[in-house]
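Worksheet for the structure shown next.
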Amino acid sequence: MRLNFSRRRFSQLLIASTVLSSLEELSPRIMKKALAETKDKQSGAVSSPHAYDLSINVNGKQHKLKIDSRVTLLDFLRENLNLTGTKKGCDLGQCGACTVHVNGRRIKSCLTLAVMHDGDQVTSIEGIASGDDLHPMQEAFIKHDGFQCGFCTPGQIMSAVALLKEPCGASDDDVRECMSGNLCRCGAYPNILAAIQEVRKGGKH
Amino acid sequence: MRPFTYAKPSQTSDASKSLKQSNSAIIAGGTNLLDLMKLDVNQPAHLIDINKIAELSQIKNNKGGLLVGALVKNSDLAHNKQVLENFPMLSQAILSGASAQVRNMASTAGNLLQRTRCYYFRNSTMPCNKRDPGSGCPAIDGYNRIHAILGTSDSCIATNPSDMAVALMALDAVIHIEGSGAKRSVPITKFYVLPGAHPEKETVLKDGEIITAVEIPQLAAAKHSRYLKIRDRKSFAFALVSVACALDVKNGVIKEARLALGGVGTIPWRCTEAEKILVGKPAKKETFKLAAEAAVKSAVTHKHNKFKVELCKRTIVKALSALENLA
Ligand SMILES: Cc1cc2nc3c(=O)[nH]c(=O)nc-3n(C[C@H](O)[C@H](O)[C@H](O)COP(=O)(O)OP(=O)(O)OC[C@H]3O[C@@H](n4cnc5c(N)ncnc54)[C@H](O)[C@@H]3O)c2cc1C
Ligand code: SF4
Ligand code: FES
Ligand code: FES
């Protein structure tokens, strides 16, 4: 969240956040360990302290495994299934890079645990094209240059595809509001908006 | 995140029993709890996932009002036809909060129990009376632009961040609670606890108790209600100030008034004094200004949040003036 800092306050917080981020660097390591333990469990080796059964459908494919309770849906997709299209930006629900669909609705996969999705159907960016035929929203993003670095793009597209079925008003402002959970550091917003509006107006979905 | 066990009971009574284990927590949408677990602010050893308890997911009509299950998603409640027609401020409040993805995950009870966004509270390397009782409050002499001006204490000045709770305050909602085989209900106006000397205690909820539903009573005035939220950016930001209001006006005179504030109180803030001033007076700007003055009369400001007093008054007047039924 953006705040209006005084310069001195800003530098204080900067120092605090540097300390914080070096602490946070620990967490991927802890996470890797948890994941490794989970993987071991799959192959019947060493057990994770708290591993649970998970049966989950991702992009039409059923997966059955045991997983550590701490693994988020995002880390499960990226690390266990190697579906790295879904991105990790903030890991705190603030950026939207991790947006996927669960049972047809868009959610942030960083703020939910994989174990909570036993029996669920998940669609990630890898699952919206039909073979080599891109989803109309993917085509529209390419046509309108709806990205620069591309890091936010999978999340933007997953949000945009979900939006087509949501009660979102017709105006550009309505779309901006409905897409406010997806940040783009490159500022590709005007082109993202154009892509979404073209798909909505064209009815190609 | 630290290791924790995970259970997914299908009965409220089983969830309540599991909740008796020490250091256990309920998880609903997870959008606040997991956030705080990643930040090491919360460290539960046992998570109890209530998402399989079917009875908690329903919205039922109830004597002209609604009975909203604890697990009803924020997005479903905001787009519910009855809510849109009869309690528009509730829909507006929910839709002004978080983002579409978060609202698809967030539950009704989870929203009511979300923790403050005070940046010291969320930074587990800092002291904080709310997170670590007795450790001190760095916000009072620190950076406190987003902090509260109403209901503060020497121990804590954090705001309650919920938008939905502000509308429910104005609507006199009732919280249904179940625990240890017993059921009780508490008016939302008595549900939140002022920080006083114990900011770690935020509600009257006791150990092992689960929120099962939120009852929204019928209220004619709510048909023309409104939620107005002022924030640092146009969308996806917490309130600096927000106003939930409803007026019942006959022949230009106010018969009933509801007014509650967000972003300024340590709890979602109901303005009973201001409501008394509104009733019996003409539905005009002069009246609204008097009410706005009354609403912030007991405000206590700190170094960076003085602006909230004037902003709050103007937002109240603007929100009331924008109601459609003033004639
Ligand atoms: C980036 C971001 C921006 C946000 N912006 C806003 C905003 O502008 N306005 C706003 O109002 N909110 C905002 N939120 C907060 C959001 O609304 C809450 O996180 C959400 O409502 C919490 O609901 P949940 O079901 O996910 O709760 P959880 O995280 O599952 O639970 C929250 C707490 O409630 C307890 N709990 C849950 N259900 C029950 C129950 N039935 N009985 C007893 N205890 C229970 C849990 O134990 C936990 O302590 C934002 C969140 C994020 C991540
Ligand atoms: S204002 Fe409250 S929550 Fe924030 S640091 Fe002080 S005690 Fe903690
Ligand atoms: S990574 Fe999930 S919202 Fe940023
Ligand atoms: S394209 Fe770079 S963040 Fe959006």
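The values are calculated or read from the model by the stated rules, or taken from the named source; none is laboratory data. Since the model is a prediction, treat every value here as computed from it, not as a measurement. Neighbour counts run over all protein chains shown; Cβ positions are idealised from the backbone, glycine included. All accessible areas refer to the heavy atoms of the entire protein, side chains included, with ligands and DNA or RNA removed. Shrake-Rupley method; radii C 1.70, N 1.55, O 1.52, S 1.80 Å.
Quick look at the values:
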{"item": "Nearest-0.05 FRET efficiency for B:Arg231 and B:Val253, computed from C-beta distance (R0 41 Å)", "result": "0.75"}
{"item": "Chain B: most fluctuating residue of B:Ala220, B:Ala257, B:Ala283 per GNM, C-alpha cutoff 10 Å", "result": "B:Ala220"}
{"item": "Too-long pairs where the Cα-Cα distance tops 18 Å, listed order kept, from B:Lys60/B:Lys81; A:Lys201/B:Lys73; B:Lys73/B:Lys201", "result": "A:Lys201/B:Lys73; B:Lys73/B:Lys201"}
{"item": "Distance (nanometres) between label positions extended 7 Å along Cα→Cβ at B:Gln82 and A:Glu139", "result": "4.4 nm"}
{"item": "Orientation-averaged projected area, Cα convex hull of region B:274-325 (nm²)", "result": "3.6 nm²"}
{"item": "Area accessible to solvent at B:Asp132, 1.4 Å probe radius, in Å²", "result": "80 Å²"}
{"item": "18 Å Cα-Cα threshold exceeded, pairs from B:Lys284/B:Lys313; B:Lys223/B:Lys313; A:Lys61/A:Lys108", "result": "B:Lys223/B:Lys313; A:Lys61/A:Lys108"}
{"item": "With 10 Å bins from 0: P(r) over region A:66-175, alpha-carbon pairs, percent", "result": "14, 46, 32, 8, 0"}
{"item": "Diffusion coefficient, µm² s⁻¹, Stokes-Einstein with Kirkwood Rh over alpha-carbon pairs of region B:1-120 at 20 °C and 1.002 mPa s", "result": "139 µm²/s"}
{"item": "Counted charge near B:Asp172, where neighbours are those whose Cβ lies closer than 13 Å (Asp, Glu -1; Lys, Arg +1)", "result": "0"}
{"item": "Relative contact order, percent, chain B [alpha-carbon distance under 8 Å, six or more residues apart]", "result": "17 percent"}
{"item": "Global size of the protein assembly as shown as Cα Rg and Dmax, reported in angstrom", "result": "23.3, 78"}
{"item": "Interface burial for A against B (accessible surface, 1.4 Å probe, total of both chains, Å², rounded to 100)", "result": "3700 Å²"}
{"item": "Ratio of Rg to Rh over chain B (Cα coordinates, Kirkwood Rh, two decimals)", "result": "0.96"}
{"item": "Relative contact order, percent, region B:221-321 [alpha-carbon distance under 8 Å, six or more residues apart]", "result": "25 percent"}
{"item": "Averaged over B:28-41, number of beta-carbon atoms from partner chains that fall within 10 Å", "result": "4"}
{"item": "Debye-sum result for region B:1-60 in log10 I(q)/I(0), which assumes one identical scatterer on each alpha carbon, at q = 0.14, 0.23 Å⁻¹", "result": "-0.39, -0.91"}
{"item": "Efficiency of FRET between B:Thr125 and B:Asn23 - r from beta-carbon atoms, R0 35 angstrom, step 0.05", "result": "0.95"}
{"item": "Fluctuation leader among B:Gly181, B:Gly280, B:Gly196 - chain B, Gaussian network, Cα springs under 10 angstrom", "result": "B:Gly181"}
{"item": "Evaluated over region B:178-327, the Cα radius of gyration and Dmax, each in Å", "result": "17.1, 52"}
{"item": "Neighbour cut-off at most 13 other Cβ (10 Å), DSSP loop, trypsin sites (Lys or Arg not before Pro), region A:97-205", "result": "A:Lys165, A:Arg185, A:Lys204"}
{"item": "Heavy-atom accessible area per residue - chain B, 1.4 Å, Å²", "result": "39 Å²"}
{"item": "Within straight-line cross-link reach of B:Lys8, lysines at Cα separation under 17 Å, skipping those fewer than 8 residues along the same chain", "result": "A:Lys66, B:Lys17, B:Lys20, B:Lys52"}
{"item": "Inter-chain shielding of B:227-238 (mean C-beta neighbours from other protein chains, 10 Å cut-off)", "result": "3"}
{"item": "Charge dipole (debye, nearest 20) of region B:221-321; +1 at Cβ of Lys and Arg, -1 at Cβ of Asp and Glu", "result": "280 debye"}
{"item": "Kirkwood hydrodynamic radius over Cα pairs of region A:61-106, then Stokes diffusion coefficient at 4 °C and 1.567 mPa s, in µm²/s", "result": "112 µm²/s"}
{"item": "Pairwise label distance in nanometres, B:Arg184 with B:Arg117, each label 7 Å out on the Cα-Cβ vector", "result": "3.2 nm"}
{"item": "Unit Cα scatterers, Debye sum, region A:129-205: log10 I(q)/I(0) for q = 0.25 Å⁻¹", "result": "-1.27"}
{"item": "In order through region B:31-44: 3J(HN,Hα) via Karplus (6.51 cos²θ - 1.76 cosθ + 1.60), integer Hz, x for Gly, Pro", "result": "6, 9, 5, 5, 3, 6, 6, 5, 7, 6, 7, 10, 9, x"}
{"item": "Relative contact order [Cα under 8 Å, 6+ residues apart], region A:63-202, whole percent", "result": "25 percent"}
{"item": "Potential extension, B:Val300-B:Gln58 segment - 0.36 nm per residue separation minus Cα distance", "result": "83.0 nm"}
{"item": "Extension reserve of the B:Ser321-B:Ala7 stretch, reckoned as 0.36 nm per residue once the Cα distance is removed", "result": "108.1 nm"}
{"item": "Accessible-area ranking of A:Ser130, A:Ser159, B:Ser124, largest first, probe 1.4 Å", "result": "A:Ser130, B:Ser124, A:Ser159"}
